[in-house]
Amino acid sequence: MAKRTIVTMPGDGIGKVVLPEAIRVLDAAGFDAEYVHADIGWEFWCKEGNPLPQRTLDLLETHKISLFGAITSKPKSDAANELAPELQNKGFVYYSPIVGLRQHFNLDICMRPCRTFKGNPLNFIRRGPNGVVEEPEVDVVIFRQNTEGLYGGVEWTNPPDNVYAALASHPKFKKFADSPREELAVSTRIFTRRATERIVRAAFEHASQFGYKSVTVCEKPNVIRETSGMMLSIAKETATEYPGIALWNTNIDAQMMWLTKNPEDYGVIVSGNMFGDIVSDGFAGLVGGLGFACSANIGQEVAIFEPTHGSAPKYAAYTESIVNPIAMVLSACMMLEHIDENEMAARVRNAVARVVEKGRVQAYDMLKLKGSVDVLEKGAASTRAMTDAIIAEL
């Protein structure tokens, strides 16, 4: 296979720490690639008024594949205050660069696998009959629609005349008629049939390819009848093409209760943007939390792979990093699978599994310690030591 060019976007905080560690693992596994750095994140918002510069979009347009670390996002007023003085009051508005990337490249399919590693002390446990402690094996893949719904960005504070008139034309809006318009904030939840069909089919295809027995639509069609109802209706149509895969339907609130009762029963889950975000974090909590939570953002041409943890700037300031790099490494595994380097991806994932099962090298989260500067003195492995252990298993 020809040498790959991978766009690396470390971003902010611990993103700048974990991404190089993942590249060390890829190098050790024999992945032949050239890495091209791209600017993204809070630094470029503050000094340029744009956390996602055009030069970064150009690199992604050219090379198509990216590893992404993490970004810092802050509320609107805080973002405005941190702009360079010469940029303030010039009309610059902060917008999440990862959301911007999803919209710009139509990265509409988000995959978030949540799988237990044997021996992980952070795995979910429960009490079974007669007080027996059970540790169910969780193997769930969440397909989250990435570009529409509540994250579509169609929203207003103090909506303009035409928007207000459209809202007022709906009979349910009467309850808001006595609220002054300048006190109204409106966010829309828009689903399109094309995007919904694509995410639902991706979920069924994944279930079919990897032997999952069910696809669960996790929405709220009994209340959000139009949008959630559309996804459920499309899932029922699509399910007829996959007779060996059961279609289940759960409400997001009930799912958050059931995932701690019987997580082993679920296979592939498909949701809109917000509910997919919620349920994927819920399942990630059963398999080790943010230190193990990887994801992919996939469009027709461009794909970006990232851990789902944030930038955690506090930890980035430590002299020796303590954060767990496994989520970033597993995200790199997802990248390898996307470009058909399946054997290499399996080798890396198996190396991670052996490190976790042996338990001799554990990050602070695996030892259930608070993330303080003294955790290394208490036996926790540094970020680099965790990576060294994975490389040794390769």
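The values are calculated or read from the model by the stated rules, or taken from the named source; none is laboratory data. Bear in mind that the values here come from a model prediction, so they are computed numbers and not experimental data. Cβ coordinates were reconstructed from backbone atoms using ideal geometry, including for glycine residues, and neighbour counts include every protein chain displayed.
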statement: Considering the range 239-263, residues that are touching a residue at least 24 places away in the same chain (Cβ under 8 Å) and over 20 Å from Ile278 (Cβ atoms), and then whichever is surrounded by the fewest Cβ atoms within 10 Å (Cβ to Cβ), we arrive at Gly244
- request: Kindly list, by first and then second residue, each pair from a residue in the range 114-129 that is of a type in the set (Val, Ile, Thr) to a residue that is surrounded by 18 or more Cβ atoms within 10 Å (Cβ to Cβ), limited to pairs with Cβ atoms under 7 Å and residues at least 6 apart or on different chains.
  value: Thr116/Asn123; Thr116/Val138; Thr116/Val287
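Looking for whichever is under 24 Å from the mean Cα position of the chain (by Cα) and in contact (Cβ under 8 Å) with a residue 60 or more places away in the chain here; the options are Lys64, Lys76. Which one fits? I'd like the intermediate steps shown before the answer.
Numbers: Lys76 fails: in contact (Cβ under 8 Å) with a residue 60 or more places away in the chain.
So the residue among Lys64, Lys76 that is under 24 Å from the mean Cα position of the chain (by Cα) and in contact (Cβ under 8 Å) with a residue 60 or more places away in the chain is Lys64.
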message: For the range 121-135, check the following and say yes or no: at least one residue is out of contact with any strand residue (DSSP E or B) (no Cβ under 7 Å at 6 or more places or on another chain), of a type outside the set (Val, Ile, Thr), surrounded by fewer than 16 Cβ atoms within 10 Å (Cβ to Cβ) and at pLDDT 95 or above.
response: yes
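Could you check the range 318-345 and list, in sequence order, the residues that are among the β-branched types (Val, Ile, Thr) and either within 15 Å of Phe117 (Cα to Cα) or touching a Leu at 6+ places or on another chain (Cβ under 7 Å) (or both)? Show your work before the answer.
Our first condition is that a residue be among the β-branched types (Val, Ile, Thr); within the range 318-345, this holds for 319, 322-323, 326, 329, 339.
Hits for the range 318-345 are Ile322, Ile326, Val329.
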task: Taking the options Asn50, Asn89, name whichever one is out of contact with any Asp or Glu (no Cβ under 8 Å at 6 or more places or on another chain), assigned by TED's automatic domain parsing to the domain that holds Ala351, modelled with pLDDT of 95 or more and not hydrophobic (A, V, I, L, M, F, W, C).
output: Asn50
- request: Run Ser280 past the list (1) hydroxyl-bearing (Ser, Thr, Tyr); (2) assigned by TED's automatic domain parsing to the domain that holds Ile6; (3) not in a loop (DSSP other than H, G, I, E, B) and report the number of the one that doesn't hold.
  value: (2)
field: Val154 being among the aliphatic types (A, V, I, L, M) and in contact with a strand residue (DSSP E or B) (Cβ under 7 Å, 6 or more places away or on another chain)
entry: yes
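Quick test for you: out of Glu320, Glu341, Glu377, Glu301, pick the one residue that is of a type in the set (Asp, Glu), in contact (Cβ under 8 Å) with a residue 40 or more places away in the chain and within 20 Å of Val17 (Cβ to Cβ).
Numbers: Glu341 fails: within 20 Å of Val17 (Cβ to Cβ); Glu377 fails: in contact (Cβ under 8 Å) with a residue 40 or more places away in the chain; Glu301 fails: within 20 Å of Val17 (Cβ to Cβ).
None of the other options fit; the residue is Glu320.
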Flag if Gly267 is under 22 Å from the mean Cα position of the chain (by Cα), closer than 20 Å to Leu150 by Cβ and either modelled with pLDDT of 95 or more or not assigned by TED's automatic domain parsing to the domain that holds Arg144 (or both): no
Residue satisfying all of: in the range 348-374; in contact with a helix residue (DSSP H, G or I) (Cβ under 9 Å, 6 or more places away or on another chain), in contact (Cβ under 8 Å) with a residue 60 or more places away in the chain and not small (Gly, Ala, Ser); surrounded by the fewest Cβ atoms within 10 Å (Cβ to Cβ) among these: Lys358
- prompt: strands (runs of 3 or more DSSP E) wholly in the range 88-195 with at least 3 residues that are closer than 26 Å to Val287 by Cβ - which ones?
  reply: 109-115, 139-145
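Quick check on my filter: what residues within the range 266-276 are in a helix (DSSP H, G or I) and in contact with a Phe, Trp or Tyr (Cβ under 8 Å, 6 or more places away or on another chain)?
Residues of the range 266-276 in a helix (DSSP H, G or I): 273-276.
Answer for the range 266-276, where residues must be in a helix (DSSP H, G or I) and in contact with a Phe, Trp or Tyr (Cβ under 8 Å, 6 or more places away or on another chain): Asn273, Met274, Gly276.
Considering each residue of the range 101-151, count those that are of a type in the set (Asp, Glu) and within 19 Å of the chain's Cα centre (by Cα), and give that number. Lay out the reasoning, then the answer.
Initially, the range 101-151 is screened for residues of a type in the set (Asp, Glu), giving 108, 134-135, 137, 139, 148.
Keeping just the survivors that are within 19 Å of the chain's Cα centre (by Cα) gives 108, 139, 148.
So the count comes out to 3.
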- request: Name the residue, out of Ala203, Ala177, Ala239, that is outside the structural domain of His338 (by TED's automatic domain parsing) and modelled with pLDDT under 95.
  value: Ala177
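Being within 19 Å of Ala203 (Cβ to Cβ) and either β-branched (Val, Ile, Thr) or surrounded by fewer than 24 Cβ atoms within 10 Å (Cβ to Cβ) (or both) is the filter here; which residues of the range 298-338 pass it? Give the derivation first.
Within the range 298-338, the first condition is being within 19 Å of Ala203 (Cβ to Cβ), and the residues that meet it are 298-300, 303, 305, 308, 334, 337-338.
Residues satisfying the conditions are Ile298, Gly299, Gln300, Ala303, Thr308, Met334, Glu337, His338.
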- line: Residues of the range 196-223 being in a helix (DSSP H, G or I), surrounded by fewer than 20 Cβ atoms within 10 Å (Cβ to Cβ) and among the hydrophobic types (A, V, I, L, M, F, W, C), in sequence order, are Ala202, Phe210
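Just checking, how many residues over the range 19-69 are basic (Lys, Arg), in contact with a helix residue (DSSP H, G or I) (Cβ under 9 Å, 6 or more places away or on another chain) and surrounded by 15 or more Cβ atoms within 10 Å (Cβ to Cβ)? I'd like the intermediate steps shown before the answer.
Step one: of the range 19-69, the residues basic (Lys, Arg) are 24, 47, 55, 64.
Filter once more, keeping what is in contact with a helix residue (DSSP H, G or I) (Cβ under 9 Å, 6 or more places away or on another chain): 24, 47.
When the remaining residues are screened for being surrounded by 15 or more Cβ atoms within 10 Å (Cβ to Cβ), the result is 24.
The total comes to 1.
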